[in-house]
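Quick notes on the structure that follows.
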Amino acid sequence: NVDNAAGGEIGFYSYFGRGWGVFGHATLGDVNVSNAGVVEGYAYGQSVGVFGVATEGDVNVSNSGSITAITGGDAALGVFARADNGTASVTNSGDITASTFPDTPYVGDVAYGILARGAYAEVANSGDIVSEGFYYATGIAALSVYGTTVTNTGGSIDVAAAGDATAIDAQSLYGDVVVSNASTIDGISLYGTSTGISGYSALGDVVIENAADVYTGALYGAAIGIYGYSAAGDVTIDNSGDLTTISYYGLADGIFASGVNVDVTNSGAIDTTSAYGDWAAGIEAQGAEWTLVTNSGDITASVSPLVAVYDYAYNLVGYAAGGQAFGIYATGGEAGTGVANSGAITVQGGYVTGIHAQSYGDVAVTNSGDIVAGSGLNTYYNPSNYYTYYYGTQVATGINAASNGEGAQIAISSSGDITVDAAFGASGIAATASGYGGTVAIDNSGDIYAAQVQKYGY
């Protein structure tokens with residue numbers, strides 16, 4: 001048991017080895033650490049503000065003070081709670097900073113604000129967390145064998161790394177993962193993936209609730225607002241916060257969910273951009289059995305468009321096909337796919353679709369929001385090099401529903417206005433039941449405008 005009261009100051013420094021502010025180790029019992037003061041230090045090797053290890057018991061760390069851990073060439077951790085066969089629990093309402101020196105980019109340069117690892121892992125946070133790493137940085141990491149819970153009720157989480165940057169990373173091998181977030185999140189990555197909230201389970205269910213604003217940005221990697229994945233369980237995501245994801249050369253997803261059965265509910269605004277990449281989706285949901293997406297928030301998804309470059313003699317000197325952008329992308333298995341949308345959707349890029357719903361079973365789409373897909377074909381002449389640039393959308397679709405299951409029924413009901421504009425193909429509503437005995441029913445009461453630039457398009 002360690003108690004550092006308010007006013008207590010603990011400092012550490014190691015020129016070439018490891019450094020710990022507080023280290024507690026129990027072979028058979030529990031470890032309890034409480035900090036209301038200041039713990040800070042530097043170590044060239046592993047640097048940990050508060051480190052608790054229990055071989056058989058539980059580890060409980062409570063912080064309401066200030067913790068800073070800096071490393072010169074290894075791992076920096078504000079709080080590390082490790083219970084090999086028990087519960088690793090961290091409660092934080094203070095300030096935590098974990099940082100690596102940017103001028104020593106060795107392989108071990110990683111940072112964790114909070115790392116809880118055990119048979120069970122629990123983290124409750126209402127404080128401010130800053131994590132800055134070279135190879136990767138994580139604000140809160142909760143890793144377990146049998147069950148993980150992360151509850152974030154306030155403060156802010158800021159993460160930055162040259163590699164992967166994840167604000168909240170909750171994982172479990174055999175158990176369920178539950179994440180509840182009400183804290184603002186900012187994540188930046190140069191070459192890796194930037195993720196706001198990530199929930200993963202191999203065999204259990206994943207449940208994520210978010211009520212705060214999330215921003216993730218990446219240069220060469222992917223940018224994802226909320227990520228939920230289960231290999232053998234269900235995934236449920238409920239978001240009411242605003243999500244902004246920007247990737248310059250990678251994919252961008254506002255919400256990604258994949259599991260046996262997937263249920264996504266969104267009422268926040270989603271703005272996702274893949275500037276020079278090939279994929280952007282406001283909501284991407286993929287269920288092996290069934291998928292349900294309910295959206296009432298406004299969604300904007302943008303990706304690089306078609307670009308063709310001609311010289312002064314009208315010879316083609318450059319060409320880029322353009323990427324795919326989806327407002328809602330939902331796929332399911334034999335149990336079917338359902339999408340209910342009442343938000344406004346805008347998608348821009350090379351190949352764009354407002355709502356895409358697909359399965360091996362029935363498909364049902366209900367839409368009352370306005371959909372704008374594509375921007376036609378635009379021309380720009382550059383007098384400095386005499387080049388003419390053609391850019392815009394190749395194919396645009398407002399709503400697309402498809403199933404190849406035998407006897408599958410596709411039902412679309414739309415009352416929102418749909419505007420589609422593309423160079424080679426434009427469809428307001430498209431529905432295909434390609435399986436034997438499949439049926440299609442469309443009920444539309446909204447205005448549909450479809451424009452195709454090329455005379456010989458399709």
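The values are calculated or read from the model by the stated rules, or taken from the named source; none is laboratory data. Just so we're clear, the structure is a prediction, and the values are computed from it rather than from any experiment. Positions of Cβ are backbone-derived with ideal geometry, glycine not excepted, and every protein chain shown enters the neighbour counts. To get the accessible areas, we keep the full protein, side chains included, count just its heavy atoms, and leave off ligands, DNA and RNA. Shrake-Rupley method; radii C 1.70, N 1.55, O 1.52, S 1.80 Å.
In whole Å, what are the Cα extents of the range 355-458 along the three principal axes, biggest one first?
59, 27, 20
Give me the net charge of Gly57's neighbourhood, meaning all other residues with Cβ under 13 Å from the Cβ of Gly57; Lys, Arg count +1, Asp, Glu -1.
Once positives and negatives cancel, what remains is -3.
Quick check: pseudo-label points 7 Å beyond the Cα along Cα→Cβ at Ala182 and Ser296, how many nm apart are they?
Placing both labels 7 Å along Cα→Cβ, they lie 1.9 nm apart.
How long are the semi-axes of the equivalent ellipsoid of the chain, taking √(5λ) for every eigenvalue λ of the Cα gyration tensor, in whole Å from largest down?
46, 27, 16
Among Gln46, Tyr380, Asn63, flag the residue with its Cα farthest along the positive direction of the charge dipole of the chain, charges on Cβ as +1 for Lys/Arg and -1 for Asp/Glu.
So the residue we want is Tyr380.
Once you mark the GluC sites (Glu not before Pro) that are in a DSSP loop and have at most 16 other Cβ atoms within 10 Å, what is the longest gap between them in the chain?
After excluding every exposed loop site, the longest remaining stretch is 57-333.
At a 1.4 Å probe, what is the % contribution of carbon and sulfur to the accessible area of the chain?
About 50 percent, which is the carbon plus sulfur part of the accessible surface.
Give, as a single signed number, the net charge of other residues whose beta carbon lies under 12 Å from the beta carbon of Ser189, with Lys and Arg counted +1 and Asp and Glu -1.
Taking every other residue near Ser189 into account, the sum is -3.
In nm, give the distance between the simple-model label positions of Asp417 and Ser445, each being 7 Å from the Cα along the Cα-to-Cβ direction.
So the two model labels end up 1.7 nm from each other.
Defining a contact as two alpha carbons under 8 Å apart and six or more residues distant in sequence, what relative contact order in percent does the range 16-97 show?
Relative CO of the range 16-97 lands at 31 percent.
To the nearest 0.05, what FRET efficiency results for Ala6 and Thr153 with a Förster distance of 30 Å applied to their C-beta separation?
Given R0 = 30 Å and the Cβ-Cβ separation, E is 0.90.
Semi-axes of the equivalent ellipsoid of the range 147-227: what are they in whole Å, largest first, if each equals the square root of 5 times a C-alpha gyration tensor eigenvalue?
Rounded to whole Å, the semi-axes are 21, 15, 9.
I want the antiparallel fraction of DSSP beta bridges within the chain, as a percent rounded to 5. Can you show the working numbers first?
Working: 15 of 253 bridges.
Looking only at bridges with both residues in the chain, the antiparallel portion is about 5 percent.
At a probe radius of 1.4 Å, what is the per-residue accessible area of His356, in Å² to the nearest 10?
Approximately 20 Å² for this residue.
Counting pairs of Cα atoms in the range 1-107, how many percent are more than 17 Å apart?
Of all Cα-Cα pairs in the range 1-107, 49 percent lie more than 17 Å apart.
State in Å² the accessible area per residue of the range 222-371; use a 1.4 Å probe, count heavy atoms of protein chains only, and round to the nearest integer.
Per residue, the range 222-371 has an accessible area of 34 Å².
Provide the solvent-accessible area of Trp290, counting protein heavy atoms only and rolling a 1.4 Å probe, rounded to the nearest 10 Å².
90 Å²
Across the Cα atoms of the range 189-320, what radius of gyration and what greatest pairwise Cα-Cα distance (Dmax) are found, in Å?
Answer for the range 189-320, Rg first and Dmax second: 16.8, 62 Å.
For the chain, build the charge dipole from Cβ charges (+1 Lys, Arg; -1 Asp, Glu) around the Cα centre, then report which of Ala433, Val365, Ala81 sits farthest towards its positive end.
Ala433
Could you check the simple spin-label distance between Glu56 and Ala232, using points 7 Å along Cα→Cβ, in nm with one decimal?
Distance between label points: 3.0 nm.
Kindly list the residues of the range 159-179 that lie in the label zone of Tyr220, defined by a backbone N under 19 Å from the point 7 Å along the Cα-to-C-beta vector.
160-166
Quick one: compute the contact order of the range 1-41, relative version, from alpha carbon pairs under 8 angstrom and 6+ residues apart, as a percent.
61 percent
Please report the relative contact order for the chain, taking Cα pairs under 8 Å with a sequence separation of at least 6, and give it as a percent rounded to a whole number.
Averaging sequence separation for qualifying contacts and normalising by length gives 6 percent for the chain.
So if I place +1 on the C-beta of Lys and Arg and -1 on the C-beta of Asp and Glu, and nothing else carries charge, what would the dipole magnitude of the chain be about its Cα centre? I want it in debye, nearest 20.
In total the dipole reaches around 800 debye.
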